[in-house]
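The values are calculated or read from the model by the stated rules, or taken from the named source; none is laboratory data. What you see is a predicted model, and the numbers here were worked out from it, not measured in a lab. Ideal geometry is used to build each Cβ from the backbone, glycine not excepted, and the neighbour counts take in all protein chains shown.
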């Protein structure tokens, strides 16, 4: 998948550089955005994840009266928060004075995490209770995006961007109950590719340096896994083949500042 992103980045930059032979804006002292650039970015991220732990439809190892309650308690909403920052590299081509088209690739930290724990009294076996704990996290982020912008002043540029994004998505779940001392756990660490869109503004400090602020929204879809309940206590007729399933989604809102050097 990383090879795919590298190839896409190369193709995007080559395509952007071939868009037009018109490079220089006509207004005196106006910023010329055409050319390659590189820089640093840093900011924060607030995500959203719906994590679900439930009883498999084919499971025979869970008391039927407990299934709806486990499914309800196991439907949890998480808000992974953290920071983002890294390097970016791209190419712009200015067209007809006002329009700027290009492509950009970036890679850096995307450290977010959140966990939720909920406990409920088992309706089948009161006063005994069960607990479901779920956690999601990420480590890094890589994106390849096409960009389109419009100059608003001699030095200002507003832009939108969109493309592919990739991250390592971690998910874990733990189900425990005092009923027969049962427990079940599952975890996944999956390389996920999704889509990302956003926009922002950039201001040229001089011929070489510029600063910008941008917002990005990413969606990485979902991951899923399953696990089998283990028992320590007395086993009754419901216990064989107690299978539980897990799914988790991930989206994120990223706000960051950046500084670029144009070559």
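Answer yes if at least one residue in region 86-104 is on the phi < 0 side of the Ramachandran plot and not in a strand (DSSP E or B), and no otherwise.
yes
Just to verify a result, which residue in region 82-92, among those that are crowded, with 18+ Cβ neighbours inside 10 Å and out of contact with any helix residue (DSSP H, G or I) (no Cβ under 6 Å at 6 or more places or on another chain), is nearest to residue 137 (Cα to Cα)?
Selected residue: 82.
When you scan region 128-138, do you find a residue that is surrounded by fewer than 21 Cβ atoms within 10 Å (Cβ to Cβ), more than 30 Å from residue 92 (Cα to Cα) and touching a helix residue (DSSP H, G or I) at 6+ places or on another chain (Cβ under 8 Å), even just one?
Yes, region 128-138 contains a residue that is surrounded by fewer than 21 Cβ atoms within 10 Å (Cβ to Cβ), more than 30 Å from residue 92 (Cα to Cα) and touching a helix residue (DSSP H, G or I) at 6+ places or on another chain (Cβ under 8 Å).
Write out, first by first residue and then by second, each pair whose Cβ atoms fall under 6 Å of each other, whose residues are 6+ apart or on separate chains, and whose first residue, in region 46-73, is modelled with pLDDT under 85 while the second is part of a strand (DSSP E or B).
So the pair list comes out as 56/243; 56/245; 59/243; 62/55; 67/55.
Suppose we filter 39, 43 for residues that are at pLDDT 95 or above, under 30 Å from residue 248 (Cα atoms) and buried (at least 16 other Cβ atoms within 10 Å of the Cβ); which single one remains?
Criteria check complete, one pass: 43.
Does residue 63 satisfy the criteria of being surrounded by 15 or more Cβ atoms within 10 Å (Cβ to Cβ), out of contact with any helix residue (DSSP H, G or I) (no Cβ under 6 Å at 6 or more places or on another chain) and closer than 30 Å to residue 210 by Cα?
no
Quick one: which residue in 76, 69 is assigned to a strand (DSSP E or B) and under 26 Å from residue 186 (Cα atoms)?
After ruling out the rest, the residue left standing is 76.
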